[in-house]
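Peer 1: Submitted below is the structure of interest, expressed as structure tokens.
The values are calculated or read from the model by the stated rules, or taken from the named source; none is laboratory data. On a predicted model such as this, the values are computed, not experimentally measured, just so you know. So basically every Cβ, Gly included, is an ideal-geometry build from the backbone, and we count neighbours across all protein chains shown. SASA here: full protein model, heavy atoms, side chains in, ligands and nucleic acids out. Shrake-Rupley method; radii C 1.70, N 1.55, O 1.52, S 1.80 Å.
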Amino acid sequence: QVQLVESGGGLVLAGGSLRLSCAASGFTFSIYTMAWFRQGPGKEREFVATINWSGGSTHYANSVKGRFTISRDNAKNTVYLQMNSLKPEDTAVYYCAGDISPPGLLPQNYAYWGQGTQVTVSS
């Protein structure tokens, strides 16, 4: 069955860094667009970053542009999110998601989801 398993979350001081990983199984990862979303306390789920099947095209939310980097390793069926210069407003549960068609920025367009990993940035 399809599984997306996130890891790498935790508690970090403002200005620090974290690297999230999302291990995929049960589908042909290498042809799927992958993305990261996040949901803060009392907020709706929002787009963070997306990467196309080859890794040659990426797109970021303005709030994370220049600080976060999405990447993928198709040989390892894994997508990553390197987060630098973290801010308290980055505190959220981070989810990875995937879809075979170019799904864009809306969460409802993604078929596959992980269970999420908590990121807490303390000031």
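Peer 1: Once you mark the trypsin sites (Lys or Arg not before Pro) that are in a DSSP loop and have at most 14 other Cβ atoms within 10 Å, what is the longest gap between them in the chain?
Peer 2: After excluding every exposed loop site, the longest remaining stretch is 77-123.
Peer 1: Note down the magnitude of the dipole of the chain about its Cα centre, charges +1 on Lys and Arg C-beta and -1 on Asp and Glu C-beta and zero elsewhere, to the nearest 20 debye.
Peer 2: 180
Peer 1: Which ³J(HN,Hα) values, rounded to whole Hz and listed in residue order, are derived for region 8-23 from phi using the Karplus coefficients 6.51, -1.76 and 1.60 in 6.51 cos²θ - 1.76 cosθ + 1.60 with θ = phi - 60°, glycine and proline given as x?
Peer 2: Karplus-based 3J(HN,Hα) across region 8-23 equals x, x, x, 9, 9, 6, 3, x, x, 10, 9, 10, 8, 10, 9, 8 Hz.
Peer 1: For THR120 and SER85, what does the FRET efficiency come to when R0 = 22 Å and r is the distance between their Cβ atoms, rounded to the nearest 0.05?
Peer 2: Once the sixth-power term is evaluated, E becomes 0.90.
Peer 1: Now for a separate question. For the chain, what does the accessible surface come to per residue with a 1.4 Å probe? Please give it in Å².
Peer 2: Details: 6060 Å² over 123 residues.
Spelled out: the 1.4 Å probe surface of the chain, per residue, equals 49 Å².
Peer 1: Carbon-plus-sulfur fraction of the accessible area of the chain, 1.4 Å probe, in percent?
Peer 2: Carbon and sulfur together cover 50 percent of it.
Peer 1: Could I ask something else about it? Can you pull out the GluC sites (Glu not before Pro) in region 1-92 that DSSP calls coil and that have at most 13 other Cβ atoms within 10 Å? Intermediate results must be reported in sequence, preceding the final value.
Peer 2: On the way: sites: GLU6, GLU44, GLU46, GLU89; in loops: GLU44.
Listed in order of number, the matching sites are GLU44.
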